[in-house]
Amino acid sequence: MVEQFDAIVVGAGPGGATTSTLLARQGKKVLVLDQSDWPRDKICGDGISGKSMDAIKALGLEDRLRANESLGSWGVTFSGPYGDEVSIPFGKQIAGKIAPGFVCAREVFDQVLFDASVESGADVRIRTTVTNLLREDGKVVGVRYKTPEKEVREARAPIVIGADGAYSVVARELGMDQLDEKHYVAAVRAYFEGVSGFSEGNFIELHFVDEVIPGYFWIFPMDNGKANVGVGMLSSEIKKRDVRLKPLLDEMIKLPKFAERFKDARQISPTKGWGLPVGSKPRTMSGDGWMLIGDAASLIDPFTGEGIGNAMVTGMLAAQWIDKAEEANDYSAAFFAAYEDEVLNLLRNEFRLSHMLQKLGRWKWLLNTVIAKASRSTELADAISCMFDDLSERKKLLTPGFYWRVLTA
Ligand SMILES: Cc1cc2nc3c(=O)[nH]c(=O)nc-3n(C[C@H](O)[C@H](O)[C@H](O)COP(=O)(O)OP(=O)(O)OC[C@H]3O[C@@H](n4cnc5c(N)ncnc54)[C@H](O)[C@@H]3O)c2cc1C
């Protein structure tokens, strides 16, 4: 027997859980299939920025998230390749009592969204792997999947949403899995206990160390004295320089700049790697009977590495467009092209700017100049902090006059 649904969501991460929660709240019959056993970890920096928090608020889940184990963060510290350092509070909310950003283990954060999806009435099935798309007359009409008991089954719906992350099977099935190393970052992460020297406001730290540029080494403080520590780099650079990321992370914590802070620290998880498909080259996001959201659509910020917010924002937009498609009884590529337009209109400028900053990061002297200047220029410091916080302020960073002012200040 083939089951029939109004929508099938592949993946229950932040993107898939957002879409399925909203679709189920609209009263639709939604199937969610996720291959992992939940609660599940996702290799990540665990940084929850203002954009992700706005999406959490829009879903009405803020109190629930704050009740969980997480650490409020009030700003970001950058250090440059020649040792300059600047600590910048996150934008305007600094005067408030509630931290604008968080560091929260994905095992905890994603579970809040997963539970919301289940509670909204979506049919969520875990340890269930989608293997293929079903097609008729060139249209996607459903999925083939494997149950936890390894039985092969099929489910049908007028729309399939690929929310299955960086190694998306849905994107692969649609012929879009070619990895472009200039638009792909690889990163490794490990959890530590006992790292010292964090700032009072639990600032997250991005260190543009010589060996890692144009990527960065990060140290994010967490609840209970833990820290999320990792290193990420553009895949084309990794290949060109034949870099091994796991040994590179070991090397980073032994550098004189950090060794003292890790002197009494203990690694409490293995070092694990994962890919970041970045938004300097997003994938085609929709077609006849299908949509892609989040990492499956290659929507991670090329400079900050933040992708949770974009997964949730595209998850929300997908739910809105599916509602409109149901009303119009039109699930065609032509109809969903407007979804892709809306996503690109929203994110295009952010991606352009972040891609530009990622490229600027190759020039050590310029990176260092910007970091050194930021410690003296409030305008530049505000502009950098808005990368993680107030997105409307980012536009300023795209105007040449802004750089002229700060670099000649
Ligand atoms: C090292 C690293 C550090 C990062 N740091 C940050 C950070 O600090 N802040 C931030 O905002 N972003 C960060 N990101 C990016 C962030 O992790 C992703 O952008 C985010 O997880 C995307 O959410 P998603 O819902 O699209 O996909 P995912 O979170 O990857 O969820 C996809 C889901 O699909 C399921 N799935 C996959 N294949 C199948 C299949 N065939 N069948 C069924 N289910 C399937 C998986 O089990 C998974 O649950 C980081 C990424 C990496 C790799």
Take GLU62 and ARG40, extend 7 Å from each Cα along the Cα→Cβ direction, and tell me the distance between the two endpoints in nm.
3.0 nm
Hey, with R₀ at 56 Å, roughly what FRET efficiency would LYS239 and LYS29 work out to, going by the Cβ-Cβ distance, to 0.05?
0.80
Along Cα→Cβ, 7 Å out, is where each label goes; now give me the distance between the ones at ASP180 and ASN329 in nm to one decimal.
3.9 nm
Within straight-line cross-link reach of LYS57, aspartates and glutamates at Cα separation under 16 Å, skipping those fewer than 8 residues along the same chain:
ASP110, ASP115, ASP389, ASP390
Crossing angle, helix 245-254 versus the chain [Cα axis fit, 0-90 degrees, rounded to tens]
30 degrees
Please give the contour-minus-distance gain from GLU193 to GLU69: 0.36 nm per residue of separation, less the Cα-Cα distance, rounded to one decimal in nm.
43.1 nm
List the aspartates and glutamates whose Cα lies under 18 Å from the Cα of LYS150, skipping any in the same chain that are fewer than 8 positions away.
GLU3, ASP34, ASP37
Of TYR82, SER199, ALA186, whose Cα points farthest to the positive end of the dipole of the chain (charges on the beta-carbon: +1 Lys, Arg; -1 Asp, Glu; origin at the Cα centre)?
TYR82
Under the rule that an exposed site lies in a DSSP loop and has at most 12 other Cβ atoms within 10 Å, name the longest stretch of the chain with no GluC sites (Glu not before Pro) of that kind, not counting the sites themselves.
201-409
Which log10 I(q)/I(0) values, to two decimals, does the stretch 253-370 give at q = 0.10, 0.19 Å⁻¹ under the Debye formula with one point per Cα?
-0.47, -1.00
Modelling each spin label as a point 7 Å along the Cα-to-Cβ direction, I'd like the ASP223/THR147 distance in nm, to one decimal.
3.6 nm
Sulfur and carbon atoms: percent of accessible area, the chain [1.4 Å]:
51 percent
Cα gyration tensor category, rounded, prolate or oblate, for the stretch 147-240 with a/c compared to 1.5
oblate
Estimated vicinal HN-Hα couplings, Hz - the stretch 284-290 in sequence order (Karplus 6.51, -1.76, 1.60; Gly, Pro = x)
4, 9, 7, x, 5, x, 8
For a 20 Å ceiling on Cα separation, which of these pairs sit above it: LYS239/LYS359; LYS42/LYS281; LYS42/LYS226?
LYS42/LYS281
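The values are calculated or read from the model by the stated rules, or taken from the named source; none is laboratory data. No experiment lies behind these values; they were computed from the predicted model shown. Positions of Cβ are backbone-derived with ideal geometry, glycine not excepted, and every protein chain shown enters the neighbour counts. What goes into the accessible areas is simple: the full protein's heavy atoms, side chains included, and nothing from ligands, DNA or RNA. Shrake-Rupley method; radii C 1.70, N 1.55, O 1.52, S 1.80 Å.
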